[in-house]
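**Q** Below is the structure I would like to discuss, written out as structure tokens.
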Amino acid sequence: MTSIADGWGSVLEAWGSVFDVVRQPVWAVDATHTVRYANPAAAEALGHGDPFELLGYDGRPGPVPDHAGRGEGALTRVDGTLLPVEWTRLPLPGAGGDASLTLYLFQPLTERTPGAPLRLLAHRQAARERQYAGALQYDVQERLVRALLGLNMARQELGATSSPGAELLHGAVRDTEEALAGVREVTDALCPGALRAGGLPAALAALARRHPGQVTVTGTLTGRLPQLIETHGYLLVAEAVARALDHADAHHVQVTTNHGPELVITVADDGTQPVTATDLAALAALTERATSLDGTLTVRHTPDTGTTLTASIPLGPTQGVNTSM
């Protein structure tokens, strides 16, 4: 078996004949976490032509506590993109002392793609969020504005009078102002008014204004898109930016949207590699959002440079989904 490093054949000979035909990616590492054996499925999943090419790699799929036997992480493909995986770690029977080996069995998380029912659920949820945002903006927010105006007029009528009633009125004005700010924050989180009024370019420009100096938006997209694509596209970018700034310690995020046969959204940050459970959960959610539109999401991390997420979403007739459900 050419995928076994020299000097380790006695340990892996009995196991390699089994793992070589297993379709699940598998490799074994030594005490320094160096890959000493990889099966053909592992090579195929990471874009290598031969399992031998994986020997000598750092075999850890992310930070691995010594006591952990299962977890989630990411492996790096030949082209630099990341493959999110679930892993199981087992000691390899027959190895001991300095020659101890540990076996990793991987399950790619990208195989968890939502089917038709989950896609329909995602579309309905996006439509509801847009509807709720509109109700907050045009109903609740307007009522709070009218209440605030009335309270301020009442405060002016009292003038500089100092009394318990005046203090209560001042407190009511302050609470109403805070409630109004909270409604605006929730509205923007669900579906910002800029998105409903001006489409994805306007919403992304507003997102950049909320993060001055940290988020830059460029690209060829200038017009409107189908409502469903606008909503999911905005949420995808907003969630990717939040992941980069809050969890990857990024200093800057570059968002690019290009419009052609496909909508191509690129979110590039200068943060750390996404390997934590929080990062991987965020990437899984972003993948499902792109997949719900028949699109794809790729993740590429370059050491000392950062992480780039690229979502490609088709703009053909299949996107004519009824979002009024």
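**Q** Kindly report, to the nearest 10 Å², the accessible surface of H247 as traced by a 1.4 Å probe over protein heavy atoms only.
**A** 90
**Q** Then there's this: How would R300, R155, R196 line up by accessible area, probe 1.4 Å, largest first? Don't jump to the answer; show the numbers that get you there.
**A** On the way: R300 100, R155 75, R196 45 Å².
Reading off the accessible areas and sorting them downward yields R300, R155, R196.
**Q** What whole-number value in cubic angstrom gives the convex hull volume per residue for the C-alpha atoms of segment 192-242? Provide the component values of the computation, followed by the final result.
**A** Details: hull volume 3.5 nm³, N = 51.
Expressed per residue, the convex hull around the Cα atoms of segment 192-242 is 70 Å³.
**Q** For a quick check of understanding: with a 1.4 angstrom probe and all protein chains in place, what accessible area in square angstrom does L90 have, to the nearest ten?
**A** 80
**Q** So, one more: To the nearest 10 Å², what's L169's accessible area with a 1.4 Å probe?
**A** 30
**Q** How big is segment 176-278 by Rg and Dmax over its Cα atoms, in Å?
**A** Using the Cα atoms of segment 176-278, the pair Rg, Dmax is 14.2, 47 Å.
The values are calculated or read from the model by the stated rules, or taken from the named source; none is laboratory data. These numbers come from a predicted model, not from an experiment. Each accessible area value is taken on the protein alone, full model and side chains, heavy atoms only, with ligands, DNA and RNA left out. Shrake-Rupley method; radii C 1.70, N 1.55, O 1.52, S 1.80 Å.
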